[in-house]
1. How large is the dipole of the chain about the Cα centre if only Lys and Arg carry +1 and Asp and Glu carry -1, each at its Cβ, rounded to the nearest 20 debye?
2. Enter the accessible area of Met90 (Å², nearest 10), with the probe set to 1.4 Å and all protein chains included.
3. Can you work out the accessible area per residue across segment 73-149, with the rest of the protein chains kept in place, probe 1.4 Å, in square angstrom?
4. What whole-number distance in Å separates the alpha-carbon centres of segment 139-160 and segment 85-112?
5. Measure off, as a whole percent, the carbon and sulfur share of the 1.4 Å-probe accessible area of the chain, all protein chains present.
6. Please give the net charge around Val98, taking every other residue with its beta carbon less than 14 angstrom from that of Val98, where Lys and Arg add +1 and Asp and Glu add -1.
7. So who's got an amide H within less than 5 Å of the one on Leu86, skipping anything under 5 residues away but keeping other chains? H placed 1.01 Å off N, in plane.
8. Do any GluC sites (Glu not before Pro) in segment 33-130 lie in a DSSP loop with no more than 10 other beta carbon atoms within 10 Å, and if so, which?
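The values are calculated or read from the model by the stated rules, or taken from the named source; none is laboratory data. This structure is a prediction, so every number in the text was calculated from the model and none was measured. Please note: Cβ atoms are built from the backbone with ideal geometry, for glycine as well, and neighbour counts cover all protein chains shown. Ligands, DNA and RNA are excluded from the accessible area calculation, which covers all protein heavy atoms including side chains. Shrake-Rupley method; radii C 1.70, N 1.55, O 1.52, S 1.80 Å.
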Amino acid sequence: MSSRIVVLISGSGTNLEALLSSLPESGIPAEVVAVGADQEAAGLEHARARGIETFVVPLVQGGDREAWGQQLGEMIADFEPHLIVLSGFMKLLPEAFVSRFSPRIINTHPSYLPEFPGAHAVRDALAAGANDTGASVIVVDDGVDTGEILAQERVAIRPGDTEDTLHSRIKIVERQLLLDVLRTLITPTKEHHD
Ligand code: GAR
């Protein structure tokens, strides 16, 4: 049986697109059954182009975060996912949402956590004058990028790197780490022969 994955994004979804193209040929028995966002994100087109269902649950500024989390949770639960993957999802999820789905929510992050948590990890690594940063895949908990680290890898910062050039190289590593983690979390079910 194929494991059902719901992906959440907020932006361009280039990592989502990489996942959608690599997953079917990875041998991992999983499929992305829906992609959701907190706004009409450009990356939703990657899913729509492949006939994958999409949904948007907007969080209006100053809105009720608990109610938003509840609505998002209901939407996701309808797809009966085994796993939720945050892929550039830039909103903090309310505690009730996290405890409802934990530990089946994972997140990719563009730094070598616990270094540079938060929404500007690549910019922060450059501003700190670091020699290297990295990419991580973690379990989502109540904190900001504080959950259990499932996989991570260092990425060197090169002289002249901009936020864009560095982030592009980090994303390549993130995509591979995510596949590695999915391979570990989603094991093929053994067929039984009498
Ligand atoms: C990725 O680098 C992802 O790790 C990061 O946003 C980028 C999304 O890129 N997420 C975070 O920073 C979460 N704290 P994409 O929209 O091109 O896939």
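1. 320 debye
2. Its accessible surface works out to 110 Å², give or take rounding.
3. Result: 45 Å² per residue.
4. About 13 Å separates the Cα centre of segment 139-160 from the one of segment 85-112.
5. Carbon with sulfur: 51 percent of the solvent-accessible area.
6. -2
7. Under 5 Å from the amide H of Leu86: Leu8, Ile106, Asn107, Thr108.
8. Glu40
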